């Protein structure tokens, strides 16, 4: 029996030593796998630890938008996304107001509150139309400014647009999860006149929020990207364009 125990013990010891062999730490300048040119900065961890930190859920889960729309408050049947509830939670933008200012800068100046809780807005000067989104409602809304200075009643024009958007040439450009492959995004153009939509470009990136802009010639889109990983501290190195 001793003849068999010693090799087994030696094998177990060898396996234990191999498992405990420390992995090399990531150093400054090492490429991030799948990072499209991004590089690592030294943080005192190995590739294995980095992967576990990036892709472990830490208990968090994403809630589908369709569920959020019908989600009820605890111990109540009111919607979680109701204005009063979001105000109580202190949602950013709840104090933003849409005001109609008449006779601005004169003794007859008068301000009329049209909407509150605006998240983002843009004015299409050519069409004399104001587009905006609100923090407690999904989609984009619009009001038209008449020649006499009156704003029309609110119209919901794009109930499914939630991410960042911009008014470009009378159309609304926005990003949406790709219909082709994931994770990536499609740049879409929405026509507020007839509700049609067309694909402008497919991008192997995931732009988020209103963090993009369009050149005056409408031939380039400048954007930032977001990734699914989360970290407490980040850094980047800027290079001057030539």
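The values are calculated or read from the model by the stated rules, or taken from the named source; none is laboratory data. As the structure is a computational prediction, the values presented were derived from the model and not from experiment. Cβ coordinates were reconstructed from backbone atoms using ideal geometry, including for glycine residues, and neighbour counts include every protein chain displayed.
Annotations
- Single residue of the range 158-175 satisfying the filter (in contact with a strand residue (DSSP E or B) (Cβ under 6 Å, 6 or more places away or on another chain) and closer than 24 Å to residue 84 by Cα) that is modelled with the lowest pLDDT: 163
- Residue list for the range 123-168, filter: within 24 Å of residue 66 (Cβ to Cβ) and in a loop (DSSP other than H, G, I, E, B): 135, 136, 137, 138, 139, 154, 159, 160, 161, 162, 163, 164
- Of the residues making up the range 78-94, those that are touching a strand residue (DSSP E or B) at 6+ places or on another chain (Cβ under 9 Å), at pLDDT 70 or above and outside any helix (DSSP H, G or I) are 78, 79, 80.
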